[in-house]
């Protein structure tokens with residue numbers, strides 16, 4: 001399919017299409033051309049770049065696979081008004097965007113507005129090349145600012161030439177990891193401190209995160225881990241962002257918000273069960289999930305133009321884990337943007353605590369650390385402003401031969417610190433399982 005795309009790029013008709021789109025457009029206006037690549041199903045992992053920035057998101061159960069390569073345009077932000085800044089920037093892009101349908105922007109953000117690290121705190125980009133496999137058909141959407149259209153064909157061709165020629169299938173060999181008994185005991189002590197604060201009546205819930213660092217004998221192939229996650233959790237969102245040096249990836253069962261043709265749709269997800277702790281509908285999990293329902297509903301109500309419809313709590317599978325999930329839906333007020341909804345919702349009690357302001361203050365005071373975009377969000381927006389963001393959970397931040405894993409647990413009245421530690425271990429097993437099976441899967445390539 002990539003050879004087919006290269007042939008289409010070489011046609012003089014492609015430059016002519018660009019010129020038609022660019023007629024009267026400002027130099028910064030995005031131009032997006034769409035190319036049909038034929039029928040078939042591709043997960044695109046054989047093309048995952050190693051030195052170029054990329055975005056990846058897939059839902060295997062729905063046969064949805066997207067790979068964005070290179071940045072035609074990018075906007076970074078941070079601080080308290082990061083969502084408003086990205087909203088204003090995206091509104092400007094949308095006003096001048098010239099496209100042939102199907103163009104997307106991708107975005108991701110950290111848990112806290114002041115978090116700093118190898119990834120920008122908040123980032124919005126239009127990929128130079130977007131490959132999609134949806135419902136059995138494959139397409140490519142290529143984008144460039146109008147002011148760079150003269151070199152567009154060469155630029156796109158250079159990116160295509162840098163893509164791998166074959167899928168990296170080398171198994172991941174983990175090096176021995178030292179025991180972390182003292183680290184575990186310190187985390188349990190934090191749980192007990194959180195429980196004392198909750199017992200005092202100042203808070204109802206706190207979410208505490210843990211991290212685990214792994215080292216491997218060889219450089220970690222992100223494509224092999226993503227392939228393993230696709231097989232492990234076909235009904236979850238498998239996501240990744242790479243900046244050419246680090247890759248942030250994972251598998252999440254939790255949608256934060258979706259906006260589509262004026263309708264908003266959010267998840268209230270909390271409570272966890274697994275093989276060693278099979279009880280999901282107990283009082284502790286139901287209480288934890290009810291706090292999330294209450295907070296999400298309160299956050300969305302001022303932006304809803306119709307009464308909120310709150311569904312009952314149902315079981316949501318995520319690999320070997322199970323959660324309680326309620327869906328919350330409404331008609332959004334006219335003019336409400338996806339970034340408005342993000343600013344109202346994030347962070348929900350599922351990742352921060354409740355009440356939100358007091359929980360965030362406690363976490364900051366007690367040195368809570370979240371790396372990369374863990375427990376922040378990752379998503380996409382289309383040229384109409386519709387789109388979807390998911391909570392970035394069950395993640396790993398890859399850098400060379402090192403992987404930093406993260407997981408968290410919600411602490412509420414009735415929580416047992418030992419059980420909460422075991423819950424984070426079960427969540428670590430999502431990525432650990434991918435490390436164990438990486439490089440042993442089969443390539444998902446069908447069609448012409």
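Observations on the model:
- For the stretch 277-297, the condition holds for no residue, the condition being that it is in contact with a helix residue (DSSP H, G or I) (Cβ under 7 Å, 6 or more places away or on another chain), farther than 19 Å from residue 377 by Cα and either at pLDDT 95 or above or outside any strand (DSSP E or B) (or both).
- Residue 70 satisfies every condition listed in (1) surrounded by fewer than 20 Cβ atoms within 10 Å (Cβ to Cβ); (2) in a strand (DSSP E or B); (3) within 20 Å of the chain's Cα centre (by Cα) except (1).
- Any hit, the stretch 111-118, residues being at pLDDT below 95 and under 26 Å from residue 162 (Cα atoms): yes
- If only residues of the stretch 198-235 that are modelled with pLDDT of 95 or more, assigned to a loop (DSSP other than H, G, I, E, B) and touching a strand residue (DSSP E or B) at 6+ places or on another chain (Cβ under 7 Å) are counted, the one that is nearest to residue 291 (Cα to Cα) is 204.
- Set 366, 320, 371: member being more than 23 Å from residue 197 (Cβ to Cβ) and surrounded by fewer than 19 Cβ atoms within 10 Å (Cβ to Cβ): 320
- Residue list for the stretch 9-54, filter: surrounded by 12 or more Cβ atoms within 10 Å (Cβ to Cβ), assigned to a loop (DSSP other than H, G, I, E, B) and in contact with a strand residue (DSSP E or B) (Cβ under 7 Å, 6 or more places away or on another chain): 25, 28, 29, 40, 41, 43, 44, 48, 49, 52, 53
- Number of positions in the stretch 53-74 that are in contact with a helix residue (DSSP H, G or I) (Cβ under 6 Å, 6 or more places away or on another chain) and under 23 Å from residue 90 (Cα atoms): 2
- Exactly one residue out of 76, 58, 91 is over 28 Å from residue 138 (Cβ atoms), in the same structural domain as residue 18 (by TED's automatic domain parsing) and under 18 Å from the mean Cα position of the chain (by Cα): that is 76.
The values are calculated or read from the model by the stated rules, or taken from the named source; none is laboratory data. Predicted, not measured: the structure shown is a model, and the values here were computed from it. Every residue, glycine among them, receives a Cβ derived from its backbone with ideal geometry; neighbour counts consider all protein chains shown.
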